[in-house]
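> This is the structure I have questions about; it appears just below.
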Amino acid sequence: MKPKLWLAIPLIVLAFFLAAVGWRLSSPPNPTVKSRLIGQPLPEFALAAAVPGKPALTSADLKAGEPRLLNLFASWCVPCIAEAPVLVDLRRRGVVIDAIAIRDGPADIARFLADHGDPFARIGTDPQSQVQMALGSSGVPESFIVDGRGVIRYQHIGPVMPQDVPTILAQWEQAK
Amino acid sequence: MKLLPLLLLALAGPALADSAQPPAPYAYRQLEDARQEARARALMEELRCLVCQGQSIADSDAELAGDMRHLVRTRIKAGESPSQVRDWLVQRYGSWVSYAPVLGPETLLLYAAPLLLLLGGGLLAARRLQRRRG
């Protein structure tokens, strides 16, 4: 009787393996990388103006006593087109939005703003993603809510869609 | 006539999800100092590409991987040590970004496993040897 029990061990191992595979297939791990800087002060940076006629963006601009929505976008980013009207709507509701254009050129940014709306108070240009990395962001679009003292309070990964507006507005109120 | 759309499709360029900007200066260029380059290179092999996720930044051609290599090389060039650069990234992205896991509550089992296995195997072997002697 005893040797037969030993024979069942590979089968039990296989069952565990299949269960593990099945579990991971049915609930895949979340591939988004959250910034660890939530609750931390914004890193220091000074970015040049992304388009002529629009003010540049430095970290000091984000410590001016009022909360701000900091949007990372690019003219070559397709989901950024999807979130553009939602940002315009947030601006209408009183949210002050600054932006960082990632790996972008002035002509392309100007065309993007003309086509999809311009809700931004300031736009800084980050041609080599260096400030994006300083913020712990790993893609576009991403949005941060920074409070009046320059502390990062909230991060939204991916496009801001209409269903995200209540959350963004609530976080914005909390940051006041 | 049905072939026309297909022909047109063949002519169409794929929409690239990449920027039109050139790579950062140190994305594909080595540092002038060979010793610094060797240190930067070793570190780049241990850093995870943020957008490709299975590759190191040394292996990846993603634009962000190029920008990360530029970041590593400029910081090493400015005199930072590889561990300072790694810590800077870990501060922002968590230990996830590094392929060299640090000892912590999440990785305790990883580090303890070889010791535990060695201990278990040693006990088994010791019992076997004793039985044979006895």
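Every read-out reported here was derived from the displayed coordinates using simple, explicitly stated rules and does not represent laboratory data. Keep in mind that what you see is a predicted model, and the values were worked out from it rather than measured. Note: ideal-geometry Cβ built from the backbone for every residue, glycine included; neighbour counts use all protein chains shown.
> Check which residues have an amide H placed less than 5 Å from A:Ala48's amide H, if you skip close sequence neighbours.
Distant-sequence amide H within range of A:Ala48: A:Thr125.
> When ranked by the protection proxy of mean other Cβ atoms within 10 Å per residue, highest first, what sequence do the peptides A:50-59, A:161-170 form?
The peptides rank, most packed first, as A:50-59, A:161-170.
> Also, quick follow-up: First check a/c for region A:82-139, with a ≥ b ≥ c the square roots of the eigenvalues of its C-alpha gyration tensor; if it is under 1.5, answer rounded, and if not, answer prolate when a/b is larger than b/c or oblate otherwise.
Oblate, because a/c is 1.5 or more while a/b does not exceed b/c.
> Residue-wise, which Karplus ³J(HN,Hα) couplings in Hz belong to region B:92-109, taking 6.51 cos²θ - 1.76 cosθ + 1.60, θ = phi - 60°, and x for glycine or proline?
9, 10, x, 5, 3, 6, 9, 8, 9, x, 8, 5, x, x, 6, 10, 4, 5
> How large is the charge dipole for the protein assembly as shown, taken about the Cα centre, if only the Cβ atoms of Lys, Arg (+1) and Asp, Glu (-1) carry charge, to the nearest 20 debye?
Value, rounded to 20: 1920 debye.
> Using alpha carbons only, how many degrees (0 to 90, rounded to 10) separate the axis of helix B:63-77 from the longest principal axis of chain B?
Tilt of helix B:63-77: around 70 degrees.
> Which value, in debye to the nearest 20, gives the size of the charge dipole of region B:22-102 about its Cα centre, when Lys and Arg are +1 and Asp and Glu are -1 at the Cβ?
180
> Also: Using the Cα centre of chain A as origin and beta-carbon charges of +1 (Lys, Arg) and -1 (Asp, Glu), tell me which of A:Ala84, A:Val146, A:Asn30 is placed farthest towards the positive end of the dipole.
Checking the options against the dipole of chain A, the answer is A:Asn30.
> Can you list the residues, at least 5 places off or on another chain, whose amide H is less than 5 Å from the amide H of A:Phe120, using H built in the peptide plane?
Under 5 Å from the amide H of A:Phe120: no residue qualifies.
> Further, regarding this structure: Rounded to the nearest 5, what % of the DSSP beta bridges within the protein assembly as shown are antiparallel ones?
Antiparallel bridges: around 65 percent, rounded to the nearest 5.
> At 222 nm, what helix-only mean residue ellipticity would chain B give, in deg cm²/dmol to the nearest 500, using -39500 (n - 2.57) for each DSSP H run of four or more?
Mean residue ellipticity, 222 nm, calculated: -17500 deg cm²/dmol.
> Ok, one more. Antiparallel DSSP bridges in region A:46-174: what percent, to the nearest 5?
60
> Modelling each spin label as a point 7 Å along the Cα-to-Cβ direction, I'd like the A:Ala64/B:Cys52 distance in nm, to one decimal.
According to this spin-label approximation, the distance is 4.0 nm.
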